[in-house]
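The values are calculated or read from the model by the stated rules, or taken from the named source; none is laboratory data. Everything numeric in this text was worked out from a predicted model, so none of it was measured. With ideal geometry, Cβ positions are generated from the backbone for all residues, glycine too; neighbour counts draw on all protein chains shown.
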């Protein structure tokens, strides 16, 4: 099983400490070893098969679709923009992927609160990283949003970089949410309550 490199400091520290304590404090050591194994599970980074079609918008994250509706007024994709929100539990893969290919136009970090990620207010009030990608004149935005437990957002790209569809671009640690904002002309291909997989599930199709 492939593991994201961001997880190795946590996994290594827990397993090493558990091994050191095992000879004298077996029960606490067992707890640390189990926690280390859970971290390995949490930071797993499986390969994904990308569906063909450049016009397809892929899911930026694994999780459950909790919101489908209108995006906030003034959103970068333009008037009538659509919003799809995905909630990631601690059992989901937390590696984030670019939903489309294009140029990273902006990366905006906003400090904020740590409301539960399933709360609709989290989209506006929580700590988040907003990424705007220009896809041949169409703007697609995805927001990495911290949750009640997640306290660290990782994004590996910067403004001016190019991204590929389905490319690994970062992660959010320990429970979170990702909002995807799409142009009004996008044709949604996902349902409320559906569980999606980052990089392989199709969220929408662009004209």
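Some observations on this one:
- Segment 168-207, subset assigned to a loop (DSSP other than H, G, I, E, B) and in contact with a helix residue (DSSP H, G or I) (Cβ under 9 Å, 6 or more places away or on another chain), residue surrounded by the most Cβ atoms within 10 Å (Cβ to Cβ): 173
- Flag for residue 52 being within 14 Å of residue 201 (Cα to Cα) and at pLDDT below 95: yes
- Given (1) surrounded by fewer than 14 Cβ atoms within 10 Å (Cβ to Cβ); (2) modelled with pLDDT of 95 or more; (3) within 20 Å of residue 76 (Cβ to Cβ), number of the condition residue 136 does not satisfy: (2)
- Output for segment 143-167, where each listed residue is in a strand (DSSP E or B) and at pLDDT 95 or above: 162, 163
- Just one of the listed residues (51, 99) is closer than 21 Å to residue 195 by Cα, touching a strand residue (DSSP E or B) at 6+ places or on another chain (Cβ under 7 Å) and in the same structural domain as residue 167 (by TED's automatic domain parsing), and it is 99.
- Residue within segment 56-71 that is surrounded by fewer than 22 Cβ atoms within 10 Å (Cβ to Cβ), under 16 Å from residue 128 (Cβ atoms) and at pLDDT below 95 present: yes
- In the set 86, 90, 11, only one residue is in the same structural domain as residue 199 (by TED's automatic domain parsing), surrounded by 13 or more Cβ atoms within 10 Å (Cβ to Cβ) and modelled with pLDDT under 85; that residue is 90.
- The strands (runs of 3 or more DSSP E) found entirely in segment 1-89 that carry 2 or more residues being free of Cβ contacts under 8 Å to residues at least 24 places away in the same chain and within 28 Å of residue 139 (Cβ to Cβ) are 63-70.
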